[in-house]
Each structure stands twice: as structure tokens, then as C-alpha cells.
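Here is the structure we will look at, set down as C-alpha cells.
Since every read-out is calculated from the coordinates, none of them should be taken as a lab result. What you are looking at is a predicted structure, and each value in this text was computed from that prediction instead of being measured. Here the Cβ is made from the backbone with ideal geometry for all residues, glycine too, and neighbour counts use every protein chain on show.
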Amino acid sequence: MPSGGNLYADKLQMAIDTMQEKQMYSEILFYLEACESGSMFPRLLPSDNVYAMTASDAKQSSWAAYCSPHDVVGETKINTCLGDLFSVNWMEDTENGNPATETIGSQHESVVKKTSKSPVLEFGNMDIKKEVVGDFEGVEAVSDWYSYLSAEVKSTINKHAGTWLQDPLMNANLSTVDSRDIKLHYMYQAV
């Protein structure tokens, strides 16, 4: 957590229960990237109207992605892992698919196939899997994001687009590291 705190499964479930009692949501789609993230939803019920997809089970680490030597943006080596395998896979799936037609279930299948280092799990109301990704993440075409950028940002993207598109970084599985070993991996690369 950014503040150094912890989030526990019982507290998360209490928040969901409270929000449900107060009718603060109709449905929730929850993606959770963390080591042992499958431990967070042991009491999630279909009646909670929440569908959760996690990066791992209750006992395994998740995996960082785009780690050295593939941690280059433009021509700058960042010296860190740039993402997490599970998160990168579902976000890239959303960006490359059509959120107006792709279902949560088909996205889950795609993410399971691409996340080869940890077991992606699902919890809660499985009926939500029939709904489209865009019901939760929006349906604006991915290409439309470009029109909102400043001229300076567009220039930077155009300058580096060829490098980014040809870079092996575009495959997150090429440079994965167990999340618990990131510091060791960084130190090894530094040596």
C-alpha cells in the first residue's frame, strides 16, 4: 500500500458488506495484483454482486514484468520492473480488444493463458463474466485516447513509436521476475 499499511481480507469483505448494505453499487469488477492475492476473497459470495480476478492463489507470489534488460522506455533504461505480469496482461488485453464486445469471461481466459507464472483465480458472482468489459472499464475506442494528448506528448510518442513497437518489451513474459526477488534482480543487473 502506498502509505505502508496493509489491507486484510476481513477488512476488505467488511467494506464490501457495508457498501452492499448501503446500496452503494450495483456490481463490482475487481482485479487484484499482489502476492497471495487469492487470499483476499475467501468469503466473497455470488450474492455480493462482485466478481474478483486475482494474480495468484493464497500461497504463491505474483510476478513482476518488463524487468531488466527489458526496462527501457524510449532510449532510457529505467532500472526497475515496469509492471506486473497479471496487470499488464489484463490491461493489454483491454487495450488490444474491443471493450464493447469482449466479455469478462473471455478476458479471464486470455489473461489465464498469458499469465504463465502464477495461477490467476476468480471469485464471487460468476454471472458477471457474461457482461462486457466496457460495462466496467468504458468503451471508448483505444485509438481515441491519442486525440486527448498535448502536442508535446504526441511528439514524444511519434519519436519513439518505432522503438516501442519493435521492442521485445512488448511481450511481458520475456522479462518476468518473482515479485519477492525484484531487489535481488536489480542488484544482479547492477553488478
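Under a 5 Å amide H cut-off, with hydrogens placed 1.01 Å from N, SER62 pairs with CYS35, GLU36, SER179 among residues at least 5 apart or on other chains. Quick one: work out Rg over Rh on the C-alpha atoms of the range 96-137, Rh as Kirkwood radius. With Rg and the Kirkwood Rh in hand, the quotient comes to 0.98. Between GLU95 and VAL112, the simple spin-label model (points 7 angstrom out along Cα→Cβ) gives 2.5 nm.
Each residue of the range 73-90 is assigned a 3J(HN,Hα), and the resulting list reads 10, x, 10, 9, 7, 8, 6, 7, 7, 8, x, 10, 3, 4, 5, 4, 5, 6 Hz, derived from the Karplus form 6.51 cos²θ - 1.76 cosθ + 1.60 (θ = phi - 60°), x at Gly and Pro. Each 5 Å bin, from zero up to the one with the longest distance, holds this percent of the alpha carbon pairs of the range 25-84: 4, 18, 18, 15, 14, 12, 9, 6, 5, 1.
Placing a pseudo-label 7 Å from each Cα along the Cα-to-Cβ vector at GLU27 and ASP181 gives an inter-label distance of 3.9 nm.
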